[in-house]
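Here the structure comes first, spelled out in structure tokens, and everything after it is commentary.
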Amino acid sequence: MKSFWLSLAALAAALSMQQASAQAQQPIPVERFFQRPAVLEAKLSPSGKRLAVSTSRGSARVGLAVIDLEAEPKARRAALFSDADIVRFDWVSDERLVFSVLDLEAGSGEDRRAAPGLYAINADGSDFRMLVRRRGLPFISDGSTRDKALEWNHVLLHVPLQQDGVTPDEIVIGVMSFASRELQSVTPMWLNVRSGRTRTMGLGDGPRNATRWWFDSKGQPRLAGVESEGRSSLHWRGPGQDSWRQLSQGDLLRQPFQPSVVDDAGTLYVTHRHGPEGYAVLTRYDFEAGKPQTPALVSAPGFDFSGSLVLDRAGSRALGVRVETDAEQTVWFDPAMKRMQALADERLPGRINRLSCSRCGADDQVVLVRSFSDRDPGQLWVYEAATQRWQPVSRVLDDIDPRRMSGVALERIKARDGRDLPVWLTLPTGVEPGKPAPAVVLVHGGPWVRGGHWRWQAMEQFLASRGYLVIAPEFRGSTGYGEAHYRAGWKQWGQAMQDDVADALLWARQQGLASPEQACIAGASYGGYSTLMGLVRHPELYRCGIAWVAVTDPFLLLKGSWWIDDDISGQGRRHMLPELVGDAEKDAAMLSAASPLAQARHIKAPLLLAFGEADLRVPLAHGERLRKVLTEAGRPPEWVTYANEGHSWRQVSTQVDFARRVERFLGEHLNKP
């Protein structure tokens with residue numbers, strides 16, 4: 001399998017050229033890094049004659065534009081709101097689209113109150129209809145179609161692919177039911193996007209308390225997932241079958257396989273763990289044997305399979321598979337698409353060129369190319385095979401000069417106990433080749449996610465533009481690098497997970513990349529927790545710390561509080577967090593030793609703390625408690641909170657303000673001789 005692996009040697013050569021061009025240039029304004037994207041998403045219509053994009057161009061809000069791909073392309077705005085932004089859309093047919101909205105200007109705290117709603121509109125902007133109301137908006141009866149809109153607890157589940165001989169007017173929505181604020185079930189049904197009428201979906205003897213559904217391209221439900229009291233099960237009904245049957249059952253944290261996609265022939269593609277390191281591989285499910293088939297269809301040694309099958313428009317066959325190893329790539333089974341990929345890569349070399357198409361592989365196919373790299377947030381192109389014409393559509397972000405951005409590399413090092421440890425590096429600008437740079441160890445959140453990717457990322461690029469080497473370790477407990485690596489992080493908060501973070505910095509210093517004395521640690525959520533524990537456990541390594549939306553009290557995370565509102569489910573607290581983090585009663589001593597709040601007396605370095613006042617994942621109380629203890633000890637942190645922001649910064653003004661604080665704080669504490 002082709003790899004986009006970038007080595008330090010290649011990056012060093014690129015860095016030298018980058019530094020030569022960057023000399024005597026003014027620092028890139030912080031607003032460039034944290035601007036609202038010019039284009040959020042783009043999708044071809046079923047025929048390939050039109051392209052829809054969600055875009056903020058020409059407006060303070062993200063609207064929906066449609067481009068007619070004629071000899072002289074014509075663009076028009078199909079939908080725009082004054083108080084909301086279009087965040088998700090899809091083509092139902094060549095003439096009609098559905099979309100959902102959020103208020104991106106309100107801050108991420110708005111998510112606790114608002115539901116995205118659902119709307120339909122024609123490509124020319126006519127026949128607008130509200131299908132599902134947004135939660136929190138007042139109901140006003142005025143005789144319009146919104147009087148008949150469904151309530152906010154109806155969500156979009158699936159948009160069927162256009163089928164020959166079928167009028168494409170229906171989509172699949174789900175009705176959510178709740179008990180004690182927790183999702184209990186999602187029941188699918190059909191919704192007509194022109195009339196707003198619903199009709200039931202024939203589920204037969206299917207599970208009534210399913211919360212996840214998988215559909216074929218026609219919108220037929222094939223697989224249902226049920227979660228209850230720490231157990232998870234999957235139920236299947238194939239084409240031509242009347243009854244559902246259970247395929248698997250297991251603990252929430254120990255599933256025999258994970259569904260990926262279902263095609264119209266009734267083939268179920270799944271991922272499962274393989275080999276001593278437990279790397280996830282993609283394969284078909286064998287219904288007769290009752291288990292995933294071997295050998296695997298796709299494996300990525302050193303990585304879990306992460307990606308998807310690319311199906312043809314009819315949903316009947318796989319054209320290829322998209323997978324992310326160190327970088328994203330697509331392996332095409334279809335010869336015509338393989339040739340198309342080669343054509344795109346030749347025209348746009350050294351980049352990831354993601355293809356989506358209409359009439360894929362045909363002589364008159366239309367292809368949308370999203371082309372991006374570690375230094376470029378992305379460009380959109382349309383290629384028409386009939387005329388061999390390439391049309392530029394848009395940049396994803398404006399005013400980003402890839403020549404002034406930084407290269408990204410993935411290195412594999414050894415942790416102190418010999419475990420393989422992936423580490424992402426973003427090399428700084430303005431540092432002489434061979435000279436160690438001041439470093440920021442940036443710890444990802446989660447922690448049970450993959451943190452790094454070979455693509456442009458705002459915070460990493462911003463820090464690198466200010467001359468800092470950004471070190472981002474995939475510490476044990478991170479996903480994407482095998483089940484063994486993931487499970488090695490269980491009950492290791494503040495312990496082996498923290499050692500991995502330290503080992504990444506020590507390795508960079510041994511390689512001569514990082515200054516032996518100038519390093520700070522930073523991160524959000526779990527990364528914020530790790531920042532605090534880094535200052536507790538390894539104070540000799542870091543001059544300062546920057547922690548935002550940080551867990552400071554593991555006991556509050558694990559047990560919750562009657563007085564503090566959060567969004568962690570009861571099932572998660574009962575059946576997952578005790579295994580992943582620790583049992584609040586049985587592991588009390590371990591958790592106290594790994595609690596930044598309990599160990600606050602050891603935090604001596606300068607600290608910047610930031611929190612969202614509307615955060616339900618890590619409530620503000622985490623920050624307030626630590627701030628109080630540190631202030632009473634005579635070491636008050638630098639402190640900032642943002643109104644109506646939740647567990648992430650959504651407002652551009654928040655992102656820019658916080659980045660400026662980070663820049664000033666690092667300049668004050670890290671760049672001292």
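The values are calculated or read from the model by the stated rules, or taken from the named source; none is laboratory data. Predicted, not measured: the structure shown is a model, and the values here were computed from it. We place every Cβ from the backbone using ideal geometry, glycine too, and count neighbours over all the protein chains shown. When the accessible area is computed, the model is the full protein with side chains, heavy atoms only, and any ligands, DNA or RNA have been set aside. Shrake-Rupley method; radii C 1.70, N 1.55, O 1.52, S 1.80 Å.
What to note about this one:
- Selection within region 295-318 - open to solvent by 50 Å² or more (accessible area, probe 1.4 Å) and without any contact (Cβ under 8 Å) to a residue 24 or more places away in the chain: P295, P301
- Just one of the numbered conditions (1) out of contact with any helix residue (DSSP H, G or I) (no Cβ under 7 Å at 6 or more places or on another chain); (2) surrounded by 21 or more Cβ atoms within 10 Å (Cβ to Cβ); (3) hydroxyl-bearing (S, T, Y) is not true of S515: (2).
- Figure legend. Inter-residue proximity from region 628-643: first residues over 25 Å from S108 (Cβ atoms), second residues open to solvent by 50 Å² or more (accessible area, probe 1.4 Å) and assigned to a loop (DSSP other than H, G, I, E, B), beta-carbon distance below 7 Å, spacing 6+ or different chains. Indicated pairs: L630/P636; R635/K604.
- Filter result (outside any loop (DSSP other than H, G, I, E, B) and in contact (Cβ under 8 Å) with a residue 40 or more places away in the chain) within region 253-269: P259, S260, V261, V262, L268, Y269
- Figure legend. Inter-residue proximity from region 117-142: first residues of a type in the set (S, T, Y), second residues open to solvent by 30 Å² or more (accessible area, probe 1.4 Å) and modelled with pLDDT under 95, beta-carbon distance below 9 Å, spacing 6+ or different chains. Indicated pairs: S141/D147.
- Identity of the residue in region 594-617, in contact with a strand residue (DSSP E or B) (Cβ under 8 Å, 6 or more places away or on another chain) and over 17 Å from G527 (Cβ atoms), that ends up surrounded by the fewest Cβ atoms within 10 Å (Cβ to Cβ): E613
- Residue within region 558-569 that is among the basic types (K, R), touching a Leu at 6+ places or on another chain (Cβ under 9 Å) and assigned to a helix (DSSP H, G or I) present: no
- Here P276 fulfils each of the conditions (1) in contact with a strand residue (DSSP E or B) (Cβ under 8 Å, 6 or more places away or on another chain); (2) over 18 Å from V367 (Cβ atoms) apart from (1).
- Within region 217-250, restricting attention to residues that are more than 25 Å from the chain's Cα centre (by Cα) and of a type in the set (D, E, K, R), the residue that is surrounded by the most Cβ atoms within 10 Å (Cβ to Cβ) is R222.
- Residue list for region 375-400, filter: under 30 Å from V652 (Cα atoms) and out of contact with any helix residue (DSSP H, G or I) (no Cβ under 9 Å at 6 or more places or on another chain): G378, Q379, L380, V382, P392, V393, S394, R395, V396
- Taken over region 24-33, the residue count meeting the criterion of being touching a residue at least 40 places away in the same chain (Cβ under 8 Å), surrounded by fewer than 19 Cβ atoms within 10 Å (Cβ to Cβ) and either hydroxyl-bearing (S, T, Y) or assigned to a loop (DSSP other than H, G, I, E, B) (or both) is 2.
- Index of the failed condition, T387 passing every other in (1) touching a residue at least 12 places away in the same chain (Cβ under 8 Å); (2) open to solvent by 20 Å² or more (accessible area, probe 1.4 Å); (3) of a type outside the set (F, W, Y); (4) assigned to a loop (DSSP other than H, G, I, E, B): (1)
- Applying the set (1) closer than 26 Å to D417 by Cα; (2) buried (at least 19 other Cβ atoms within 10 Å of the Cβ) to L556 leaves exactly one unmet item: (1).
- Strands (runs of 3 or more DSSP E) contained entirely in region 49-118, each with at least 3 residues that are open to solvent by less than 20 Å² (accessible area, probe 1.4 Å) and farther than 24 Å from C360 by Cα: 96-102
- Among residues of region 278-294, those that are open to solvent by 20 Å² or more (accessible area, probe 1.4 Å), under 28 Å from G477 (Cα atoms) and at pLDDT 95 or above, counted: 5
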